[in-house]
Each structure stands twice: as C-alpha cells, then as structure tokens.
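Reading through the structure tokens given below for one structure.
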Amino acid sequence: MSEVREAITRAHHEEWARVVAALTRRFGDLDIAEDAAAEAFATAVERWPADGVPPNPGAWLTTTANHKAIDRIRRENKRDDKHKEAQMVHDDPPEPLGAIDDDRLRLIFTCCHPALAMEARAALTLRMVGGLTVPEIARAFLVTESAMGRRITRAKDKIKAARIPYLVPSADDLPARVSGVLAVLFLVFNEGYLATGSDTDPVRHDLTAEAIRLTRLIRALLPDDGEVTGLLALMLLTESRRNARVSAGGELVALDEQDRAAWDTTLITEGHRLVRERLAAAAAGIVPGRYQILAAINAVHTSARDMRDTDWSQILALYDQLVRIDPSPIIALNRAVAVAELDGPEVALATVDRLEPALAGYHAYHATRADLLRRVGRSQESRAAYDKAIDLAGNTAETAYLTRRRDQLR
C-alpha cells in the first residue's frame, strides 16, 4: 500500500503539469483542465490500490482526465453541438501552436500573459504548471490562503474573459512577455529547491528539473537574451548543490557544512561557462540584469573548494550592484550575510534589524538574525529568533536544522 501511495505522489509531481497542459490544449479552458486533472488523481487514489499502478501512469491519468472533462462538458452543454462532440470523441493533436511544440511551455505563456498582474501570473503558473497547492503558494507569497485562492480564481476568469490564446507568442511578442515568464520559472525553481510545504519532500527535484527544462527551451527561443542565460546559469549552479543539501537524517545542510565533493561538477562547468559568456557581454558595455548578477554570485560560491576560500569581497561587490537594480528587503538580507563575513556580525546585525518591518513574516529573516545574534554572544535573543524561524518554516529539513542550531545554544 505504501508503494502505491509513493507512486501516486511521484505521478503527481511528474505528471500534473503534463496532464493540465494536454487538457488545456484540447479544451481551451483552465478551469476544466485543472478540475479534470484533480478528479483523475482522486480516481487514482481510489483505484490504484485495488487495480495496481498502471504501466504508464501519465497516460492513464491523461486518459482519465480527458473522460472527466468530456463528462463535465456534456453535463454543462445542453445544446446539440456536433462540432464540439466530434472534438471530444476524436483526440487528434492539433498543429504546433508556436516556435516550440511544448504543451507546458504554452501553458506558462498563457498564465503569464501581460493582461494579468505579475503576482497573478506567478500564482497561476505555480498552481497550473507547478502543481503547488494554494497553501504552498500562499506561503511563498506571504499571504493568506483565502487571498491567494481569490487571486488565482480572478486570473483564470480574466484569461477566459479576454480569450487569451493557448500558445507560445510570436517572435515579436516574446521580449515583452519573457520577463514575467522568467520570474515565474524562478519561483517554481525555488519551491523545488526548498519546498515550503511540511507534507512534501524538502527538495523537489521534479520542480527544479522542470524549471531548468523550460528555461532551456526559452533560451532556444531567445539565445541573445542575457537574463534568460543568467537565469539558466543561476538554476544550474544552484541545482549543482542539491545532493549535498539534505543529510541522510533529513536535515538541511547549510552551505558552510556541505560536502563540496558531492556537488555536480557537470552542472557547475556549464553554469560557469554561461556566467563567463555574460561577463564578456558586460565587458562590452551591456549592463547585466538581476539573474545575471545572482548567477555570478553563485559562480563565486561554487568556485571555492572550501568555505574559507570564498571571495566574500567579490560577493559583496556583486550584491552592491544588485541592490541598485533590485532594492528589495530580501536582497538586503542576503547582502547582510556577506557583510557579516567581511565586517563582522555586529555590523550585519544592525542592517538586518532595520529590515524587520518588511520581513517579520519571513522565516529566513529570523534564521539569519538568530545566527548573527549567536555569533555575537546574545544567546537568549538568538534562541527567541530561532523559535520564530521554526514557527514560520514549513520545510521539515529546514525545521530540523533550525531546531538543532537552537538547541546547541547554551
């Protein structure tokens, strides 16, 4: 029975986006696609324990979801529409609808249409493509579940009302659309790299792999776009550390404690090559964007064979450059970590304390502050900060790590 549950969980991680995308292509309605996909997985929960896991779970789920969608359309459509009936019965794939024939990429561009607000684009894509639950998405955006549910519903309604097409836009439209797509793919990747849900795997390789795959497709569409290349490099360099990030006991392993021999050198080599490509462009006078700078920061980290070899002055210089184009509190928080290595934890702590109003609900803020307080010997305050971080962290591996660090305090 546990093997069947694991198979269903694995199928949900691997097949959700594919099923939703296939149904969206066929029926042109996000609501129908999502509801039918959910019903197909619910049917799997009922039938697979008795019937066994099918040889091809993805095909089984897609076929079941198609039947669920057809049943719903027939119930809701009282008129005798022969064309729709034929479309439902004959499932021949249509001609490719864009530069790349990839259902999931088309689904992302549909969810990331400029008619939608940026936060709505991100939330809808995380739900429809990433398969994240509404509570998981709400945690990622630091909002309530009800507010996030309304945001996703409004986004789907707007797509339907505006008749936004399900396709990869033309080459002329791509530059205006791609920034929103990159922002969403970065969120999908981050959710996979450190999942926010307490009932999911701490690291979700299905999401990180899918984000990298789709970013590669976009780079094929826009090979000269520096931010696309920068995001791909950032993902590769971050993903290279995945095998060293969670211990055998299920605890998060911080960067300074990781076994660097376990890092993926193939991904690091490719990521460094892409960063050097963008550095050459910067030397020619092309100003780098956010993802390119973040990739360069990760290139510095992955160049050090030991934590003590890290070039923190270069990292701080890159953060100073990043703050000028992205003065967000989270970037300021990450910059403070580099400041602590160069100027000491007291100096960094003064910066971090000023960020409290903006980041009070963000667990990483309290975790960073707890570590700085620990380093300056303020153990009681450090313990209180660790308690806040533990309360806010949803990831089991991160909770285990924070609990151990708190309990090590005298």
Original post:
Using θ = phi - 60° and the Karplus form 6.51 cos²θ - 1.76 cosθ + 1.60, what ³J(HN,Hα) does each residue of the range 51-56 get, whole Hz, x for Gly and Pro?
Top reply: 8, x, 6, x, x, 10
Subject >> Cα gyration tensor shape for the range 242-369, rounded if a/c is under 1.5, else prolate or oblate >> reply: oblate
**OP:** Please turn the phi angles of the range 328-344 into ³J(HN,Hα) values with the Karplus equation 6.51 cos²θ - 1.76 cosθ + 1.60 (θ = phi - 60°), one per residue in order, whole Hz, x for glycine and proline.
**Re:** 7, x, 5, 5, 4, 5, 5, 4, 4, 5, 5, 4, 4, 6, 9, 10, x
Original post:
Sequence-distant or interchain residues sharing an amide H contact under 5 Å with D326, placed H: which?
Top reply: none
**OP:** With a 1.4 Å probe and every protein chain left in place, tell me how much accessible area K160 has, in Å² to the nearest 10.
**Re:** 110
Original post:
How big is the accessible area of I297 in square angstrom, nearest 10, if you roll a 1.4 angstrom probe over the protein chains?
Top reply: 10
Subject >> Signed unit charges on C-beta, dipole axis of the range 203-345, positive-most listed residue V323, L217, A262 >> reply: L217
Original post:
Rounded to the nearest 20 Debye, what is the dipole magnitude of the chain about its Cα centre when Lys and Arg each give +1 and Asp and Glu each give -1 at the C-beta?
Top reply: 640
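At 1.4 Å probe size, with every protein chain present, just tell me what the per residue accessible area of the chain comes to in Å².
Working: 19510 Å² over 410 residues.
Accessible surface, normalised per residue, equals 48 Å².
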Original post:
Rounded, prolate or oblate: which fits the chain, taking a ≥ b ≥ c as square roots of the Cα gyration tensor eigenvalues, rounded meaning a/c under 1.5, else prolate when a/b beats b/c?
Top reply: prolate
**OP:** Quick one: which residues, 5 or more positions from V246 or on another chain, have an amide H under 5 Å from its amide H? H modelled 1.01 Å from N in the peptide plane, none for Pro or chain starts.
**Re:** V253
**OP:** Report the one residue of N395, A7, S303 whose Cα lies farthest in the direction of the positive end of the charge dipole of the chain (charges on C-beta: Lys and Arg +1, Asp and Glu -1; origin at the Cα centre).
**Re:** N395
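Probe radius 1.4 Å, ligands and nucleic acids left out: which of V352, V323 has the largest accessible area, and how do the rest follow?
Per-residue accessible area, sorted high to low, gives V323, V352.
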Original post:
Rounded, prolate or oblate: which fits the range 152-194, taking a ≥ b ≥ c as square roots of the Cα gyration tensor eigenvalues, rounded meaning a/c under 1.5, else prolate when a/b beats b/c?
Top reply: oblate
Original post:
At a Förster distance of 35 Å, what's the computed FRET efficiency of D343 paired with R276, Cβ-Cβ distance as r, to 0.05?
Top reply: 0.75
Original post:
Once both axes come from the Cα atoms, what is the angle between helix 226-239 and the longest principal axis of the chain, in degrees from 0 to 90, rounded to 10?
Top reply: 70
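The values are calculated or read from the model by the stated rules, or taken from the named source; none is laboratory data. Keep in mind that this is a model prediction, so the values were computed, not measured. Backbone-built Cβ (ideal geometry, glycine too); neighbour counts: all protein chains shown. To get the accessible areas, we keep the full protein, side chains included, count just its heavy atoms, and leave off ligands, DNA and RNA. Shrake-Rupley method; radii C 1.70, N 1.55, O 1.52, S 1.80 Å.
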